[in-house]
Every structure is written in structure tokens, then in C-alpha cells.
Amino acid sequence: MNYQMSQQEVIYCKERLKDLEQIASNTLNQNNFSDSHVDIVKLIRRNNFLIRTMYLDDSVTGLLLIDDNNTILDTNSHRLIVVKRMNPNDEYAYEKSRFIAAHEFAHYILHKRERQQFAHRDKKGYSNRFDISEWEADTLARCILMPKSKVKEIVEKYKENSTGKVTSDMLIGEVARTFEVTPV
């Protein structure tokens, strides 16, 4: 479903974007990530998470489970991120999996608070209203996978080294390849 954001929601998102960019930068710096490519699995594991892929219902893309007091059933961990196993014929299966993992990790960073237990399940495409927590997790995931300063470096380098006219499709393709994200 296509949802039209209210003027208030647009203003909030524009203001919140800078905060999310800073949170991503701090997260990457605290975990000693300075390369253009962020190894999201390594980042997640550095934060004491177990990460798994599983076959999930078509409406579910990822799960985040945390129990500070007990290990999660069938694991030896208190923190688990589950990413939906993608169709291997999907051209962007790897990139989508990276985004889902980053999205679930973003929920942890932004929304866990001080609870002993936390569970979150992402369902795709079933809401007809704007969900701020999902927007925040999506945006923080993008900021982690594609740090703004690194995107600027890649774009400038590409423009400098390119012969001829540089189109937005060319830049999008270069950014997608460099950061291992989908171009759309």
C-alpha cells in the first residue's frame, strides 16, 4: 500500500535524519568500522548477537529477540537476529539480507530501552499508515550500510575518474556496488 505522509511526519523525518546519521556514525566508530563496505554480520556479532537465516512466513522479513536473563531457546545466546532466507533466484538476495540484518540491529539500537526482554517482528507491506519506528529502523539501517561521508567520497571519486557524462543511474549503480545494497 502507498501511504501519503502528513506534513508533520515529513518535518519530523527531516529533523530526525541528522540524529540517525549521527547514531550510525557513532555506532560505526565505536566498533572500529572505517571502510566503505560495512560487514554488517561482523558488526552485529561484535554486539553479542547471534545471527541466523531461516525460512519465515511470506509476510515476515526479520526477527529480533533479546532476553537479558535467559538464553534464547535452541541457542547459546541472549541476543538473536533472524533474517528471512531469500529466494536464491532473487538478483538482490544477498543485498536484501544485509539490509534486513541492519534493520533489525537498528531496532535494537533505537528501541530496546531498558527492558529485560525485547522481541520485534517485521511484517512487510500490510500497513496503510506511517510507522515511525519502522521508518527510523529503515533509515538507520541505510545510514549504517551507506555512511553519508563514504557515499560522498565514492560519488566524488566516481565523477573524477569517469570519462563523459555521469548520470544518476551510473552513480546509483556505483553506490549500490560499493556498499552492497540494492539500487532501488
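The values are calculated or read from the model by the stated rules, or taken from the named source; none is laboratory data. Computed from a prediction, not measured in an experiment: that's the story for all the values here. Please note: Cβ atoms are built from the backbone with ideal geometry, for glycine as well, and neighbour counts cover all protein chains shown. Ligands, DNA and RNA are stripped out before the accessible areas are found, and what is left, the full protein with its side chains, is counted by its heavy atoms. Shrake-Rupley method; radii C 1.70, N 1.55, O 1.52, S 1.80 Å.
Does at least one position in segment 15-28 carry a residue that is in a loop (DSSP other than H, G, I, E, B), open to solvent by 60 Å² or more (accessible area, probe 1.4 Å), under 20 Å from Val184 (Cα atoms) and not aromatic (Phe, Trp, Tyr)? No, segment 15-28 has no match at all. For Ile51, are the conditions met, namely being in a helix (DSSP H, G or I), touching a residue at least 24 places away in the same chain (Cβ under 8 Å) and in contact with a strand residue (DSSP E or B) (Cβ under 6 Å, 6 or more places away or on another chain)? No; evaluated as a whole, the condition is false for this residue. Quick check on Leu50: is it at pLDDT 95 or above and under 13 Å from the mean Cα position of the chain (by Cα)? No; evaluated as a whole, the condition is false for this residue.
Yes/no per residue for (1) at pLDDT 90 or above; (2) open to solvent by less than 60 Å² (accessible area, probe 1.4 Å); (3) touching a Pro at 6+ places or on another chain (Cβ under 7 Å); (4) of a type outside the set (A, V, I, L, M, F, W, C):
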| position | (1), (2), (3), (4) |
| --- | --- |
| Gln30 | yes, no, no, yes |
| Asp39 | yes, no, no, yes |
| Thr75 | yes, yes, no, yes |
| Val83 | yes, yes, no, no |
| Asn89 | yes, no, no, yes |
| Tyr94 | yes, no, no, yes |
| Ser97 | yes, yes, no, yes |
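On the stretch given as segment 1-14, residues that are in contact (Cβ under 8 Å) with a residue 12 or more places away in the chain, open to solvent by 80 Å² or more (accessible area, probe 1.4 Å) and part of a helix (DSSP H, G or I) total 1. For segment 29-47, the set of residues classified as part of a helix (DSSP H, G or I) and within 17 Å of the chain's Cα centre (by Cα) consists of Asn29, Ile40, Val41, Lys42, Leu43, Ile44, Arg45, Arg46, listed by residue number.
Just to be sure, is Asn29 farther than 17 Å from Leu110 by Cβ and in contact (Cβ under 8 Å) with a residue 24 or more places away in the chain?
no
Selection within segment 52-66: residues that are aliphatic (A, V, I, L, M) and in contact with a Phe, Trp or Tyr (Cβ under 9 Å, 6 or more places away or on another chain). The member of this set that is surrounded by the most Cβ atoms within 10 Å (Cβ to Cβ) is Leu64.
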